[in-house]
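The values are calculated or read from the model by the stated rules, or taken from the named source; none is laboratory data. Not measured: the values here are computed from a predicted model. All Cβ positions, even for glycine, are placed from backbone atoms using ideal geometry, and neighbour counts span all protein chains on display. Just the protein is used for accessible areas: all its heavy atoms, side chains included, with ligands, DNA and RNA removed. Shrake-Rupley method; radii C 1.70, N 1.55, O 1.52, S 1.80 Å.
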Amino acid sequence: MELSKNYEPQAIEQKWYTYWNDKGYFHSEPDERPAYTIVMPPPNVTGVLHMGHALNNTVQDILLRRARMQGFNTCWVPGTDHASIATEAKVVGMLREKGIDKNTLSRDEFLKYAWEWKEKYGGIILQQLKKLGCSLDWERTHFTMDDAYYKAVMRVFVELHRKGNIYRGVKMINWDPQALTALSDEEVLHKETQSKLTYVQYRIDSDIEEYITIATVRPETILGDTAVCVHPDDERYAHLKGKFCFVPLINRRIPIIFDEYIDKEFGTGALKVTPAHDINDYNLGQKHQLEIVDTLNPNGTLSEAAQLYIGEDRFAVRKKIVEDLKASGNFVKQEDYTNQVGVSERSGAVIEPRLSMQWWCSMEEMAKPALEAVMNDDIRFFPSKFKNLYRHWMGNIKDWCISRQLWWGQRIPAWYDKAGNIYVGENAAEALAQFQQQQPGGSMEDLRQEADVLDTWFSAWLWPMEVFGWNEDGNNKELAYYYPTNTLVTAPDIIFFWVARMVMAGFEFKGKKPFNQVYFTGLIRDKQGRKMSKQLGNSPDLLQLIDDHGADIVRFSVMISSPAGNDILYDEAFLEQGRNFSNKIWNALKLVKMWESRTDEAATLNHFATGWMQARIDEARQQIETLFVDFKLSEALKLTYSLIWDDFCSWYLEWVKPGMNEPMHPTVYQQTLSLFEDLLQLLHPFMPFLTEEVFHLLREQPADLIVRQLPAAAARNEQVLLQGRLLQELITAIRDTRNKNQLKPKDTISLFVDSANTMFYTAAGNILQRQVNADTLEATNAPVNGAMTLVVQTEKLYLQSHAAVDTGVQKTKMEEELQYLKGFLVSVDKKLSNEKFVQNAKPDVIANERKKQADAEAKIKTLEESLSLL
RNA sequence: GGAAGCAUAGCUCAGCUGGUUCAGAGCGUCUGCCUUACAAGCAGAGGGUCCGCGGUUCGAAUCCGUGUGCUUCCA
């Protein structure tokens, strides 16, 4: 078979994905093996694959594939989230393009369009994950608005309502004037903004002309002012006790109140109080029984209550009112001011704090077990630094605003009768039954269902339970087998939205944690450290990357740059590194295949190289296991990369490579194949396609790599590892000497060794000789005349060359090393002659120092001898 | 305003419970090579007051304090 010059991912990836899937490797059914379960954080049904998904899902796939090779019954559940706000916005936009105004549609008509849209475009992202190689159990795909899932959400709503944990009430909420819905605190982002601080004077109601000056960044809210507040200890305003002043332009007479909440240093020390439009002002208003004047309409324009500018947008009014205040003589001055402005995470609109009737879920009780489970590591966080963040939020948890003024989502299962009484039931029939107990003979006609839907996260928090059919049967076989799931992989920005709430839901409804551990990946930034975003256009088109480079290489590039828990700075240069790596493996395959027809029993049987490579793999296996346990996946990949490239390709293959036109011993050939297969297996979780392909090209395989089982850890052969290290050092040192003396690669040398370690040269001498192009290798116990001398560990070597040599270079190098060693010896001696050190340090530390001392002394002696001969 | 995290080679980062196998890796840089798979490669090399200052200790990149700079979260 002819192998192409370079590795060509496009040709093979689709083939393997289909093959694995058809073979059923991705599907899981409960059996006698231990389960390893991951539920995928469901992406928005409107979503398309971006770098964040690529990182997140690659990590999950790596964990899954490794667990599969460790004998676990692996199950990875895919699915999508209905994402109320984002999806509704998309559908509204799509309708607008068709010339349809949402407001002209009934709820049912709108939902019909929304479902059509979802069926057509929703879940594209899941198809894209197939291209990435994700070994998802497609038979278990879920959607948070599936019928069964919908029922589960209804059930938990009703249960919590029955317990009194869900209630309806008027509170200050975050209002999105663009999406026209309430948002939870978590959906509001605070952005630093350049604003203007406007100083305005209010006329005091008194006989003399007197004013009090306030400062505000929102002058348009003046029309809703119902008090001015100052600090009780502020002498500047002490004389105003019990007085009133007038709101400019509309002349509303409002009291001057005193409260310690005021910061005397800020602005003028006098605060205008607008209880309808600011949470702090609202609290002040409650305390002082102030009137509430709501001057804004839901869409952000001014309401009739404002008296002025009715129907005009809040931002337009902000500019306009300043001019009018100037005209009226109330304007004092304006200053630049930087403040934090809340914007909607979804629509980007500036949030209005607004008083509104909403549905709330009380959290305090549910937070307790959820907090404890994380603090005592019953649920482990990686990296653990996120425990702090979690504790802080859970410790100060506020009630959750769960109603959204939208149509796309689970409609709140509450019905009102004409008198305004509320009936909560899992469906209309239940609510009707309750109603009929009050009103015998009442009918559905008398009831009206709540128009609002539930926050998307109110369904998402059930994800790890409901994908295994919790609502239908809370003790079903699947739930018992797969739940709690093993690992949740997500980004830290949804730790409150989702992670914390899943933990709460798990304990509340199932009585068990939803997962054993949570691994938080970093955020992906560009190489300048900026967050990837559509606005900046710095996010690469992932599907294009996969088409251009192949999924393995994209996975490699994402993982190699991804230190555990830290943000990753993505640079497309990593793609090049991945491509080079793929080619390296491909070429190693080609080389090995060339030996297939050259095997001959008469060839030398090279024990040293195969034994050493086996020991290196054994050593690496242990290290990789530790790294995986700590979720240091990037490190594990780097280690595997280096094991394959450096140890296997650069050293091992060169060590076993037969001479030109010479045969290879069949045992060495078979061992080489085995070693190569082991390496491919270690790499498989990271680069599944390439490794499966090469694995099958190596030789006829009894099983596919994806399900090949990793062996139990073997004790590594330390002796061989040390010898391998010595061999490498000898080769490097000799090559360096050759380089420094400008010997051409083709120039041969004669090599003499003064060593007590004859066994080593018997085993590895022929490798050494070939690797440094020495035509002879002889033992000696005396210096060799006219030869270059070098010392490696305690081995003394003499190189003789036919080309002219400059001993000066060698001498300088040896003198430098001698000087370093002497300095080193001094520091060790000092340490050992320090009584306190000898008394306090642990015995093994002291023993180590003595060994260092002895080694250094021996080497100094050797170097000095050699130098004296130059 | 409150809290957390970070600062190590040109860049991105490892360095767990203090002790020269601990001053490292990858990429980049420099030098020499078209050597029986790979120039998308091979063989070598150079490069750091471990942010400043102080302390604990026989010993500090590592622990403590402090200053500076950056990042994030919360209000």
Sulfur and carbon atoms: percent of accessible area, chain A [1.4 Å]
49 percent
In chain A, if the dipole is taken from +1 on Lys/Arg beta carbons and -1 on Asp/Glu beta carbons about the Cα centre, which of A:Gln201, A:Leu777, A:Phe157 is farthest to the positive end?
A:Leu777
Longest principal axis of chain A (C-alpha) makes with the long axis of helix A:758-771 (C-alpha) an angle, in degrees to the nearest 10, of 70 degrees
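Rounded, prolate or oblate: which one fits region A:258-360, using the alpha carbon gyration tensor with axes a ≥ b ≥ c (rounded when a/c is under 1.5, else prolate when a/b beats b/c, else oblate)? Write out the running numbers ahead of the final one.
On the way: a/c = 1.36, a/b = 1.05, b/c = 1.29.
It is rounded, given that a/c, with a ≥ b ≥ c, falls under 1.5.
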Roughly what angle does helix A:364-375 make with the longest principal axis of chain A, taking Cα atoms, 0 to 90 degrees, to the nearest 10?
10 degrees
Heavy-atom accessible area ranking, 1.4 Å probe, most first, across A:Ile250, A:Ile310:
A:Ile310, A:Ile250
Starting at the first residue of region A:226-236, write each ³J(HN,Hα) from the Karplus equation 6.51 cos²θ - 1.76 cosθ + 1.60 with θ = phi - 60°, in whole Hz, x for Gly and Pro.
10, 6, 10, 10, 9, 6, x, 8, 7, 5, 4
For A:Lys98, give me every one of the aspartates and glutamates with a C-alpha distance below 20 angstrom, ignoring sequence neighbours fewer than eight places off in its own chain.
A:Glu88, A:Asp108, A:Glu109, A:Glu116, A:Glu119
When the charge dipole of chain A is computed with +1 on Lys and Arg Cβ and -1 on Asp and Glu Cβ about the Cα centre, the Cα farthest towards its positive end, among A:Gln340, A:Val217, A:Leu682, belongs to A:Leu682
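Evaluate the charge dipole of region A:712-794 about its Cα centre and quote only its size in Debye, nearest 20, assuming +1 on the Cβ of each Lys and Arg and -1 on the Cβ of each Asp and Glu. Display every interim value, and only then the final one.
Values: 8 positive and 7 negative charges, 62 e Å.
Around 300 debye, computed over region A:712-794.
How would you classify region A:541-631 from its alpha-carbon gyration tensor, with a ≥ b ≥ c the square roots of the eigenvalues: rounded for a/c under 1.5, else prolate if a/b is greater than b/c, otherwise oblate?
On the way: a/c = 4.15, a/b = 1.58, b/c = 2.63.
Oblate.
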So what is the relative contact order of chain A, in percent, for Cα pairs below 8 Å that sit 6 or more residues apart?
12 percent
Can you tell me the accessible area per residue over region A:263-364, all protein chains present, probe 1.4 angstrom, in square angstrom?
49 Å²
Given the whole protein assembly as supplied and a 1.4 Å probe, what does the accessible area of A:Tyr282 come to in Å², nearest 10?
40 Å²
Of A:47-58, A:143-154, A:498-509, ordering from highest average Cβ density within 10 Å down gives A:498-509, A:47-58, A:143-154
Given the candidates A:Met394, A:Ala179, A:Ala276, the one whose Cα lies deepest towards the positive end of the charge dipole of chain A, counting +1 at each Lys or Arg C-beta and -1 at each Asp or Glu C-beta, is A:Met394
Less than 16 Å apart at the alpha-carbon level, and either on another chain or at least 8 residues along: which lysines does that give for A:Lys632?
A:Lys385
Order of A:95-104, A:466-475 by packing, highest average Cβ count within 10 Å first?
A:466-475, A:95-104
Given the pairs A:Lys527/A:Lys813; A:Lys638/A:Lys740; A:Lys387/A:Lys836; A:Lys5/A:Lys740; A:Lys112/A:Lys151, which span a C-alpha to C-alpha distance of over 29 angstrom in this model?
A:Lys527/A:Lys813; A:Lys638/A:Lys740; A:Lys387/A:Lys836; A:Lys5/A:Lys740
Rounded to the nearest 10 Å², the 1.4 Å probe accessible area of A:Ser827 is 60 Å²
What is the distance in Å between the Cα centres of region A:174-249 and region A:766-801?
88 Å
With θ set to phi - 60°, apply the Karplus curve 6.51 cos²θ - 1.76 cosθ + 1.60 along region A:774-788 and write out the HN-Hα couplings as whole Hz, x wherever there is a Gly or Pro.
9, 7, 9, 9, 10, 7, 8, 10, 9, x, 9, 4, x, 9, 7
Pairwise centroid distance, computed over Cα atoms, of region A:440-454 with region A:280-349, Å
37 Å
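Hey, got the dipole for region A:771-870? About the Cα centre, +1 on K and R Cβ, -1 on D and E Cβ, debye to the nearest 20?
Numbers: 13 positive and 15 negative charges, 101 e Å.
For region A:771-870, the charge dipole is close to 480 debye.
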Test item: Cα-centred dipole of chain A, Lys/Arg +1 and Asp/Glu -1 on Cβ, debye
940 debye
